[in-house]
Amino acid sequence: MNHPENATVFLKDVARAKWHDETLWIVREKRDATIHQIPEWEELRELASQIKDHTLSKLDFYLEELEKNATANGIKVHWAENAAEHNQIIGKILEEKNCKDVVKSKSILTEECHLNPFLEEQGIDVVDTDLGERIIQFLKQPPSHIVMPAIHLKKSDISAIFHERLHTEKGNIDPVYLTHAARLHLREKFLQAKVAITGVNFAVAETGEFVICTNEGNADMGVHLADTHIACMGIEKLIPRRKDLGVFLRLLARSATGQSITNYNSHFRSPSPGKELHLILVNNGRTKQLGREKFRNSLKCIRCGACMNTCPIYRRSGGFSYGSTVPGPIGSILSPGIDLKKYSTLPFASTLCGSCSDVCPVKINIHEQLYEWRQEITKAQGSSLKGLSMKLADGIFTSPLAYKISGQLMRASLKTLPDSIIYNPLNVWGKGRNLPELPTESFKDWYKKNRNRA
Amino acid sequence: MSSKVSILAAIKGLNLEEKPLPDIPDFAVATDLVETYTNSLNGNKGTVVSKEELEQLIAESEFPKIYSSSLTFEKFTNCQLPLHPAGFADLDLAIIEGQVASAENAAIWLDESNLDLRAIPFITAHLVIVIRKENIVGNMHEAYERIGMTKSGFGVFIAGPSKTADIEQSLVIGAHGAMSLRVVIL
Ligand code: SF4
């Protein structure tokens, strides 16, 4: 996994890369516009941050509370130490139900656990029901963004795959037409599925309920039509009190897309009569991250995606370049905790401009943690990670300078910086861009001199 | 060792120092709640309609299958509640009473006491929610305060029609759920 190399691939299609960059910036601007209507925005961020800090400091207590209250409500609670156990628990439930068709709504955790390939191996047909997720499932791609999974695709791509899979008209790229085709296709799946799998946005310890937020209503369509609902959550998704939801629901959608709230915010507390409700609590490395003092508060993340939309590197390198389940700035501080060697280039995929930390609704000091990971990786490079290839070393030790320099420039102007600086050849993710305004000679000299220093 | 034991032991072993849990203060809210609510709903692509407008719409559109769990519009119900929610796959219009609405974002709280079947507000082609003026509050904090600790197996804040922007960020209404949301303020 090498971020700069992957970014080079992304930037080959110049027009598409520029569209990606600009589109995500528009989402960032929408977020800005909506938060300005909330005078207490900063206070809400501080509250959210403190609530999460508090919860993480007593996570064992709240997990037991959640289990106790959820069980009393008739929810079957399961614990999974890792991805394999999570998948096995689901596999077993499906086996018991003799179920071969499941519908699934967006869940980054099941992506992290590679649930789909596991179930497919057991001969189970898993249908992702979020429109963006369904599109990338047809294309056998992972999501490139945690909120907008198909943001890397154009209408024409989607039209082509829908023509192939759903027999829509060839060349019809109208989003209304394509969405309607997907609606009909997925309705059929909803009506057939006996088991629905979902993620969880928040779980409330005091009530034993959990909350799922969507705009499409796909999670609700799945679970209310199925007989069994399996919800999967990382152990960090907890909050103590029902009233804390007021804080988080005000922050989440505004940060994510600039909406005032997601259109469906469903609170599940007990199964419908005659139905089953399962809740799986998954660790998969989270307790390890909790033990790392400097990186602990990365677990406060509510997966809004704002840090991605604002990140000058993410916007210009695409989600796939990170090669991790969660891309972008937050992915770059979570992934090294999972596999330091594999993800060693990610903490360098940043200008350290701090824009991610500025927009984060739970005030994670993302850019500082990126810097901390760089220290850790550089240390590890000297000792235990000696086996890293030269290519990787090259990625690490030549890029930081580039990132640092461009970072200083970007601090000055995140948005309006001329392409000639953003996409200069020093930044590997800027390859494929020309340099119309810079005096080529002096730049080259400067580059050579500095490269030697690095 | 079970995973529950190992996960809890791993956390306990860290001996983390407890951080304080903050109180959530009261925040100022809009003075004209109906107007704020209406604007917020428009932003979410829903519309506020009067009782008369809704009645007129029903008269003119001739929805083949209507189910109202709201007593105010009960007379329009022309079908039975099915045993399985799939029986409502062809429901054209559902009318439901909402409990409390947050003006700031147009979200309306419904729980099982309002929903005869959990699937109704999602599976219906068009959705109408009825809310009483005195049940519109300023923001989500006030809404949760009103809801309090009520115990319902399922509850939902609905703030607009089903929508998606997954195809090149173009907003499309009617992804999987209701293709429209109308709110009647009584
Ligand atoms: S780190 Fe913060 S900004 Fe990024 S996805 Fe998580 S909550 Fe959102």
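Annotation note: Cβ proximity below 6 Å between a residue of the range A:165-182 that is over 18 Å from B:Ala125 (Cβ atoms) and a residue that is in a loop (DSSP other than H, G, I, E, B) (sequence gap 6+ or interchain) occurs for A:Pro175/B:Ile167; A:Pro175/B:Ser170; A:Leu178/B:Ile167. When the range A:226-257 is filtered for residues that are small (Gly, Ala, Ser), under 24 Å from B:Pro121 (Cβ atoms) and in contact with an Asp or Glu (Cβ under 9 Å, 6 or more places away or on another chain), only A:Gly246 remains.
Selection of helices (runs of 4 or more DSSP H) fully inside the range A:302-351 by the criterion of at least 3 residues being near the ligand (Cβ under 9 Å from one of its atoms) and closer than 25 Å to A:Ala83 by Cα returns A:328-338. Selection within the range B:159-177: residues that are open to solvent by less than 20 Å² (accessible area, probe 1.4 Å) and among the β-branched types (Val, Ile, Thr). The member of this set that is farthest from A:Arg187 (Cα to Cα) is B:Ile167.
Among the residues here, A:Ile35 does not qualify as at the interface with chain B (Cβ under 8 Å from one of its Cβ atoms) and touching a residue at least 40 places away in the same chain (Cβ under 8 Å). Would you please name the residue that is farthest from the other protein chains (Cβ to nearest Cβ), looking only at residues in the range A:38-67 that are part of a loop (DSSP other than H, G, I, E, B) and without any contact (Cβ under 8 Å) to a residue 12 or more places away in the chain? Checked the range A:38-67; the qualifying residue farthest from the other protein chains (Cβ to nearest Cβ) is A:Pro39.
Just to be sure, is A:Asn215 open to solvent by less than 20 Å² (accessible area, probe 1.4 Å) and at the interface with another protein chain (Cβ under 10 Å from one of its Cβ atoms)? No: the conditions fail for A:Asn215. Taken over the range A:15-34, the criterion of being surrounded by 18 or more Cβ atoms within 10 Å (Cβ to Cβ) and among the hydroxyl-bearing types (Ser, Thr, Tyr) is satisfied by A:Thr34 alone.
Condition check ((1) open to solvent by 40 Å² or more (accessible area, probe 1.4 Å); (2) facing chain A (nearest Cβ under 7 Å)) across all residues:
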{"residue": "B:Ile131", "(1), (2)": "no, no"}
{"residue": "B:His141", "(1), (2)": "no, yes"}
{"residue": "B:Phe157", "(1), (2)": "no, yes"}
{"residue": "B:Met179", "(1), (2)": "yes, no"}
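May I ask you to verify whether B:Thr77 is more than 21 Å from B:Ala143 (Cα to Cα), more than 14 Å from chain A (Cβ to nearest Cβ) and touching a Ser or Thr at 6+ places or on another chain (Cβ under 9 Å)? Criteria met by B:Thr77. Residue selection: B:Leu83 satisfies the criterion of being over 13 Å from the mean Cα position of the chain (by Cα), open to solvent by 40 Å² or more (accessible area, probe 1.4 Å) and among the hydrophobic types (A, V, I, L, M, F, W, C).
Number of residues in the range A:303-317 that are of a type in the set (A, V, I, L, M) and open to solvent by 10 Å² or more (accessible area, probe 1.4 Å): the value is 0. The residue that is farthest from B:Met149 (Cα to Cα), among those in the range A:245-261 that are assigned to a loop (DSSP other than H, G, I, E, B) and within 8 Å of chain B (Cβ to nearest Cβ), is A:Thr257. The set of residues from the range A:337-346 being buried (at least 22 other Cβ atoms within 10 Å of the Cβ) and over 16 Å from the mean Cα position of the chain (by Cα) comprises A:Ser344, A:Thr345.
Scanning the range A:160-195 for residues that are more than 9 Å from every other protein chain (Cβ to nearest Cβ) and of a type in the set (Gly, Ala, Ser) returns A:Ala160, A:Gly171, A:Ala181, A:Ala193.
For A:Asn87, state whether it is surrounded by fewer than 17 Cβ atoms within 10 Å (Cβ to Cβ) and in the same structural domain as A:Thr228 (by TED's automatic domain parsing). No; evaluated as a whole, the condition is false for this residue. For the range A:102-133, filtered to residues that are within 14 Å of another protein chain (Cβ to nearest Cβ) and of a type in the set (Asp, Glu), the residue that is nearest to A:Pro143 (Cα to Cα) is A:Glu133. Here A:Arg250, A:Arg242, A:Arg254, A:Arg296 are screened, and the one residue that is surrounded by fewer than 24 Cβ atoms within 10 Å (Cβ to Cβ), touching a residue at least 40 places away in the same chain (Cβ under 8 Å) and either within 12 Å of the ligand (Cβ to nearest atom) or over 15 Å from the mean Cα position of the chain (by Cα) (or both) is A:Arg296. Mind counting the residues in the range A:272-288 that are at the interface with chain B (Cβ under 7 Å from one of its Cβ atoms) and either part of a loop (DSSP other than H, G, I, E, B) or closer than 25 Å to B:Ser113 by Cβ (or both)? Looking only at that region, the number is 2.
Among the residues of the range A:265-293, the ones that are within 18 Å of the chain's Cα centre (by Cα) and away from the ligand (no atom under 16 Å from the Cβ) come to 4 in all. If you check A:Leu131, A:Leu139, A:Leu153 for being in contact (Cβ under 8 Å) with a residue 60 or more places away in the chain and either of a type in the set (A, V, I, L, M, F, W, C) or surrounded by 20 or more Cβ atoms within 10 Å (Cβ to Cβ) (or both), only one passes: A:Leu131.
The values are calculated or read from the model by the stated rules, or taken from the named source; none is laboratory data. Quick caveat: nothing in here was measured; it's all calculated off a predicted structure. Every residue, glycine as well, gets a Cβ built from its backbone with ideal geometry; the counts of neighbours run over all protein chains shown. Please note that ligands, DNA and RNA were not included when accessible areas were found on the heavy atoms of the full protein model with its side chains. Shrake-Rupley method; radii C 1.70, N 1.55, O 1.52, S 1.80 Å.
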